[in-house]
Amino acid sequence: MTHAERAALFAAEPGRSAWHDEALWSVRQRRDEAVRALPEWGRLVELAGQLKAHTLARLPDYLEQFESEATARGAVVHWAKDAAEHNRIVLGLLEERRVERVAKSKSMLTEECGLNPYLEARGIEVIDTDLGERIVQLRNEAPSHIVLPAIHLKRTEIGALFHEHLGTPAGESEPAALVAAARQDLRRRFLSAQAGITGVNFGIAETGGIVVCTNEGNADLGTSLPPLHIASMGIEKLIPRLADLSVFLRLLARSATGQPITAYTSHFHGPRPDAELHIVLVDNGRSALRAREAVREALHCIRCGACMNTCPVFRYGGGHAYGATIPGPIGSVLEPAKHPQHHASLPFACSGCGACGGVCPVGIDLPQQLQSLRAESGPQRGAMGLRAMSFAMRGRRRYALATGVMRLAQRLLPRLVIERMARGWTRDRALPQAARESFRSWWQKQERGR
Amino acid sequence: MSRESILAALRQSEPPDPGLPEIEGRWQHFDDRATRFAAALEGAGGRCIRVPARPRIAAELQGLEAFRQARRRASVVDGLGDPNVSLGDLDDPRRLADVGFALLPGSLAVAESGAVWVDASDYLHRAVLFLPEHLGLVVRVPDLVDTLHQAYERIRFEGVGFGCFLAGPSKTADIEQALVIGAHGARSVTVFLVGRS
Amino acid sequence: MRVALFVPCFVDQFAPGMARATLEVLAAQGVEASYPRNQTCCGQPAWNAGLPDAARPLARHFARTFADFDYVVAPSASCVAMVRRHYAGLLGRDSGSEGFDTARVFELCEFLWEVLGVREIEGRFPHRVGLHVGCHGLRELGLGNASERIRGRRPDPIRRLLESLAGIEIVDLARPDECCGFGGTFAVGEPEMSAQMGRARLADHAAAGAEVLVSADPSCLLHLGGLIERQARAWPVLHVAEVLAGHAWPRSQEVEGA
């Protein structure tokens, strides 16, 4: 299915699309308030873009520095060239230690690698501990947003889900009550977990440290109790210095939810005493993206989700419409850049409004990246028609011929035939009628009259 | 080996390098950091109690229902918090799950966000930041900074370590964007800000 | 100064009144624009659809057609944005178009404000206007300040010139610069999203009490107008040029003598 088809299904669900739009718009508004309160926002965005571009340019050196510093502090650093290797490394670490129960905090990278089904197929229980992720896990579906995984679900649906899986009373849908039930359940899971898997928001080359940001504290609960912490990190998540965190952290939560900072911002440098820390560095197509000038800037992404909250197509069509690990404007660059055939419709899931570029806190020119992917994507439906039309526009005489034919067709063909030919338009909109006299002919008459 | 092939792949291209920038700019400044900190903390669902000196904290703690009702209490702050759990003797951090109140020292606090930096590098059990039902944090006024820029001027990680910015209690808005305080971690955070502005 | 009028093909065929109004608005400021008959299309539809090879000959043709003018004025922010923002990349150092300075191509209100220094237009328009801010004009040409940018200080010539008309009231929308959903090929490639977005705009205008819909972009008007007609709302849909030229109203979609 294409994005258009999936988005249409979402929009067809009664009460879903407009409600989803309002929910995400309110998140965007909170972001606006936070940005308004920070006069130095523009300077931070500028610095963030520069820091990311520089780090990306010098990535091999910074990765070696990171590995050296992390190792010196007792962490073990692994390198995975692709998703399959990442999964094998994680499985190996878990099996060696006979781990059967894992607590996992939010990591889009582990989603990208398909880690959960991989481990579950091999008898390892993985509990997603971010509440939104836990909800979609229980529903057996993918997250629909990288920061707000269950934003597409209403409280009644979550209530029914928790009634089935957590034993909450039937009909209970008050968020506070549902969260309380989840708290009970997840705290039990944290206490019985034998390993904790997290993502990494930022890896620091200078100190070999990793930073994980959450509002729930689930990454910390998952990693402060069991003796094994596995951190999955995309190679683009590196930043040069500890102090650079001041720039990124001031931008991240404000862009994501409008908060100045998340409730927990943990800085891990080496393992706990008597415990292990394993960091898995993952490429999985990132080095290839980095080599392409047209899309490399997309690797600057700090996964705030602001572009999703601002994109009208995301708001009205939902995150699942993209059929990709990362949805929304940034996903519509990253995913087709890696898999052009599979995600061919994504650069076109965009009305070209440009608002995404305006909210990106690291200054990625998303509109431009989306446009270059369109040119790379190959022929879409309607390409033939557009080529023909463009051919007709190359000169005055051809234009006159083409428009003459069009006007004749409009006069002679039955309205129903025209409407069916232009179905994509006419299903919801009236077709314009050709004016009796075009501007061109009116002008010619004026000229003759002079 | 993947390490070598990844590094080799990266070295095959040379994206343009704008250079490593200095982190400088005209950052937000607050004339009254304490008031700003308290407001930001409240916005994050926490609470700030001003005390003129450390000894006063004991009385303030007694005024907190969460503290009074905590049957098991932990503390990393010398002489305060009336602990009955000995963190140094605990072999399993999971035993902290039923700690009703834990009092911890913060080495600095950030006015723009209400965040407190807790350096747990020397803690046997860093879980004491995350498992207890309620947290109290002790910070001195001179350790209040405006923004994260000043905070990172003071934070160092020379060797093995762990530190965390705590900004209010655990929370989530994952259900219809309705903010609920007390997700999986502490259900309340009270910061005792010691000293005069 | 030699000023040429560029008329997008859609306007030429379906809404010539917008182009005539543009001429009148310019004439009222003492500018007699000419209309080079060789003109066809700026190439935006093809380029937008990811077909730069199909767009390139049109861009060359545009550059040749307008080579000898000091200014080119168009009643279409999206066409102007195509030329100013994307021709350089499309044409590169194409020797046939070297020297074509895209910076002299202007949207109508932009031209009035920046080149002619016009700050007010004489005329009356005593109606509640729903002003649809087109994305290309806003974000690609900088006509006004995008709501997500927070701290913009650019002038908004379209709004300011409209506001100078006696009796006009521009209503306050809940979402002042949300996309209408036209988006070029998006309109038929993602018809459901396009229609949803358009209908949401109309609901916003309705809630704000608009009596007439105005925009500086004919493509947005084409799309919104088409939705309006299906919804059987009695809203006239007017181009900014028509409002500034004082063209007769009320009138629904341009159907001359039909």
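List of remarks:
- Residue check, A:ALA306 within 10 Å of chain C (Cβ to nearest Cβ) and open to solvent by less than 20 Å² (accessible area, probe 1.4 Å): yes
- When the residues of region C:170-193 are filtered to those that are touching a Lys or Arg at 6+ places or on another chain (Cβ under 8 Å) and more than 9 Å from every other protein chain (Cβ to nearest Cβ), the one that is nearest to C:ALA245 (Cα to Cα) is C:ILE170.
Table: residues versus (1) modelled with pLDDT under 80; (2) crowded, with 24+ Cβ neighbours inside 10 Å; (3) under 24 Å from A:HIS152 (Cα atoms).
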| site | (1), (2), (3) |
| --- | --- |
| A:PRO327 | no, yes, yes |
| A:VAL333 | no, yes, yes |
| A:PRO336 | no, yes, yes |
| A:PHE391 | yes, no, no |
| A:THR403 | no, no, no |
| A:ALA409 | yes, no, no |
| A:ARG415 | yes, no, no |
| A:ARG420 | yes, no, no |
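- Looking only at region C:38-66, and only at residues there that are open to solvent by 30 Å² or more (accessible area, probe 1.4 Å) and under 23 Å from C:VAL133 (Cβ atoms), the one that is farthest from the other protein chains (Cβ to nearest Cβ): C:GLN44
- Residues located in region C:194-233, provided they are within 8 Å of chain A (Cβ to nearest Cβ), under 21 Å from C:TRP47 (Cβ atoms) and hydrophobic (A, V, I, L, M, F, W, C): C:LEU222
- Exactly one residue out of A:GLU69, A:GLU22, A:GLU64 is within 11 Å of chain B (Cβ to nearest Cβ) and either under 26 Å from B:LEU148 (Cβ atoms) or surrounded by 16 or more Cβ atoms within 10 Å (Cβ to Cβ) (or both), and it is A:GLU69.
- Residue among A:ARG250, A:ARG189 that is open to solvent by 10 Å² or more (accessible area, probe 1.4 Å), touching a residue at least 60 places away in the same chain (Cβ under 8 Å), out of contact with any Lys or Arg (no Cβ under 6 Å at 6 or more places or on another chain) and more than 21 Å from A:LEU281 (Cα to Cα): A:ARG189
- For the residues B:GLU112, B:GLU153, B:GLU158, the requirement of being assigned to a loop (DSSP other than H, G, I, E, B), closer than 24 Å to A:LEU242 by Cα and open to solvent by 50 Å² or more (accessible area, probe 1.4 Å) singles out B:GLU158.
- Residue within region C:18-31 that is open to solvent by 10 Å² or more (accessible area, probe 1.4 Å), in a loop (DSSP other than H, G, I, E, B) and under 27 Å from C:GLY183 (Cβ atoms) present: no
- Region C:177-208, residues that are part of a loop (DSSP other than H, G, I, E, B), touching an Asp or Glu at 6+ places or on another chain (Cβ under 9 Å) and not aromatic (Phe, Trp, Tyr): C:ASP177, C:GLU178, C:CYS180, C:GLY181, C:GLY183, C:ALA208
- The set of residues in region A:68-107 being under 19 Å from B:GLU4 (Cα atoms), among the charged types (D, E, K, R) and not in a helix (DSSP H, G or I) consists of A:LYS81, A:ASP82.
- A:PHE348 meets the stated requirement of being in contact (Cβ under 8 Å) with a residue 40 or more places away in the chain and crowded, with 18+ Cβ neighbours inside 10 Å.
- Restricting region A:166-182 to residues that are more than 10 Å from chain B (Cβ to nearest Cβ) and out of contact with any helix residue (DSSP H, G or I) (no Cβ under 6 Å at 6 or more places or on another chain), the residue that is least open to solvent (accessible area, probe 1.4 Å) is A:GLY167.
- Restricting region C:67-94 to residues that are surrounded by fewer than 19 Cβ atoms within 10 Å (Cβ to Cβ) and assigned to a loop (DSSP other than H, G, I, E, B), the residue that is nearest to the chain's Cα centre (by Cα): C:ASP70
- Answer residue from region C:141-169, given it is farther than 24 Å from C:VAL105 by Cα and either within 13 Å of chain A (Cβ to nearest Cβ) or aromatic (Phe, Trp, Tyr) (or both) and is most open to solvent (accessible area, probe 1.4 Å) among those: C:ARG149
- Qualifying residue in region A:232-241 (condition: open to solvent by 10 Å² or more (accessible area, probe 1.4 Å) and within 9 Å of chain B (Cβ to nearest Cβ)): yes
- Among the residues of region A:150-165, those that are more than 7 Å from chain B (Cβ to nearest Cβ) and closer than 24 Å to A:THR262 by Cα comprise A:ILE151, A:HIS152, A:LEU153.
- Among the residues of region A:20-55, the ones that are hydrophobic (A, V, I, L, M, F, W, C) and either part of a loop (DSSP other than H, G, I, E, B) or closer than 16 Å to A:LEU245 by Cα (or both) come to 9 in all.
- Qualifying position, being in the same structural domain as A:THR71 (by TED's automatic domain parsing) and under 26 Å from B:GLY45 (Cα atoms), among A:THR207, A:THR198: A:THR198
- Residue check for B:PRO83: out of contact with any Asp or Glu (no Cβ under 7 Å at 6 or more places or on another chain), more than 23 Å from A:LEU191 (Cα to Cα), modelled with pLDDT of 95 or more and open to solvent by 40 Å² or more (accessible area, probe 1.4 Å): no
- Tally, over region B:1-43, of residues that are among the β-branched types (Val, Ile, Thr) and either more than 7 Å from every other protein chain (Cβ to nearest Cβ) or closer than 30 Å to B:LEU148 by Cα (or both): 2
- Filtered residues of region A:198-224 (kept if more than 10 Å from chain B (Cβ to nearest Cβ) and farther than 18 Å from A:LEU56 by Cα): A:THR198, A:GLY199
- The C-beta contact set for region A:282-296 (first residue assigned by TED's automatic domain parsing to the domain that holds A:CYS113, second residue open to solvent by 30 Å² or more (accessible area, probe 1.4 Å) and assigned to a strand (DSSP E or B), distance under 9 angstrom, 6+ apart or interchain) is empty.
The values are calculated or read from the model by the stated rules, or taken from the named source; none is laboratory data. Here the structure is a predicted model, which is why all the values come from computation and not from measurement. Methodologically, a virtual Cβ is constructed for each residue, glycine included, from the backbone with ideal geometry; neighbour enumeration extends over all protein chains shown. Side chains are part of the model used for accessible areas, which takes the heavy atoms of the whole protein and leaves out ligands, DNA and RNA. Shrake-Rupley method; radii C 1.70, N 1.55, O 1.52, S 1.80 Å.
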